[in-house]
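The structure under discussion appears below in the form of structure tokens.
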Amino acid sequence: FIFPLLNLRLPVLTRSMLDYRFRRLVRARGAARQAGHAGAMFPWQSGSDGREETQRLHLNPRSGRWLPDHSHLQRHINIAVAYNAWSYYQVTGDIEFLRFRGAPMIIEIARFLGGLATYDASEDRYNVIGVMGPDEYHDAYPDAEVPGVNNNAYTNIMTVWVLCRALELLDILPDHHARELSDQLGLTTAELDHWDDISRKMRVCFHDGVISQFDGYERLEELDWLDYKERYGDIQRLDRILEAEGDSTNRYKLSKQADVLMLFYLLHTAELQDIFHRLGYPFDADRDLRANVEYYAARTSHGS
């Protein structure tokens, strides 16, 4: 949230933040390989050397119970790194940074995100399975034995955005730099064509005239917000409240913080319109912006 402001006022500082990421690119590549993926997988919570330090258990002080923590499945951290690298270039026009630092990160992140997408021939669409979106209230489906949700809209749409930027930067760079970069990273025409295909066939789910936060969101129950506000007052940490009651946020249409709505923060409505058009989904910027904001703002506890 602060990066765009700093980008315009103190780009020397935002570049140093991106240098932090670039110096850990080798570690991110190793993490991706270890997890069975291509490209670079940056950690949700980074240690000083770039290792993943996200906790695997956390304490609910209301119930006194230690619970599994699946926060490391928030693969959208990689989207944030790519978004910031691109934003820095857009603000500064720093082609040297783009060639030697920004582009390698964006391409390796595109490689990782593209590898998460699996093709469903029956629907001619790509799916992203078993992740967490920005909303940390949903780390699994109700009563599921495995963590993660499928086709988180934010992750899927921003993956398309990253793939498009990876393809675009090869046109932006001078020809000799583009060739050097392709040789350096082992890019092939087949891989670029695959990214283009994903960027046109990624699945996005909808329900009740809004973007579904993830596949199956419409089947979740509505929460009695008034009841919980009257009983607890401060309901920002509904995850702790519900778990202490023997319940789970995974069962309800609620959010800890912006998830779908982050799309409207990061991207201009014209950009979103272009992405939905590319994917073959109808999207009316004015109508759909208002509908999504009204729907999800009413179901967010603002717990983070």
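The values are calculated or read from the model by the stated rules, or taken from the named source; none is laboratory data. Keep in mind that this is a model prediction, so the values were computed, not measured. Glycine gets a Cβ as well: all are built from the backbone with ideal geometry, and neighbour counts include every protein chain shown. When the accessible area is computed, the model is the full protein with side chains, heavy atoms only, and any ligands, DNA or RNA have been set aside. Shrake-Rupley method; radii C 1.70, N 1.55, O 1.52, S 1.80 Å.
Here are a few things to note about the model shown:
- Relative to the longest principal axis of the Cα atoms of the chain, helix 11-22 runs at roughly 90 degrees.
- For residue 32, neighbours were defined as the other residues whose beta-carbon sits under 12 Å from its Cβ, and their charges (Lys and Arg +1, Asp and Glu -1) total +3.
- Within the range 201-239: backbone nitrogen closer than 14 Å to the residue 58 label point (7 Å, Cα to C-beta): 236-239
- Cα-based shape type of the chain, given that a ≥ b ≥ c are square roots of the gyration tensor eigenvalues and the cut on a/c is 1.5: prolate
- By definition, a body whose alpha carbon gyration tensor gives a ≥ b ≥ c is oblate when a/c is 1.5 or more and a/b is not larger than b/c, and the range 31-155 fits this oblate description.
- In this simple spin-label approximation, residue 190 and residue 9 carry label points 7 Å from Cα along the Cα→Cβ vector, and these lie 5.0 nm apart.
- The residues packed around residue 273, meaning those with a beta-carbon under 11 Å from its beta-carbon, carry a net charge of -4 if Lys and Arg are +1 and Asp and Glu are -1.
- For residue 231 and residue 129, the difference between the fully extended length at 0.36 nm per residue and the C-alpha to C-alpha distance is 33.1 nm.
- Checking every one of the GluC sites (Glu not before Pro) in the range 222-257 against DSSP loop status and a limit of 12 other Cβ atoms within 10 Å picks out 222, 245.
- The alpha-carbon atoms of the range 92-149, seen along their principal axes, cover 50, 31, 16 angstrom, with the largest extent given first.
- Here residue 100 sits with roughly 100 square angstrom of accessible surface, probe radius 1.4 Å.
- Heavy-atom accessible area with a 1.4 Å probe sorts 175, 196, 288, largest first, into 175, 196, 288.
- Comparing 134, 142, 104 in a Gaussian network model of the chain where C-alpha atoms under 10 Å apart are linked, the largest mean-square fluctuation is found at 142.
- Here r is the Cβ-Cβ distance between residue 45 and residue 2 and R0 is 25 Å; the resulting FRET efficiency, rounded to 0.05, is 0.90.
- Centre separation in Å (Cα based) which lies between the range 203-243 and the range 50-107: 25
- Neighbourhood net charge (12 Å Cβ-Cβ; Lys/Arg +1, Asp/Glu -1) for residue 143: -1
- Of all lysines in the structure, the ones whose alpha carbon falls short of 19 Å from that of residue 229, not counting any fewer than 8 places away in one chain, are 253, 256.
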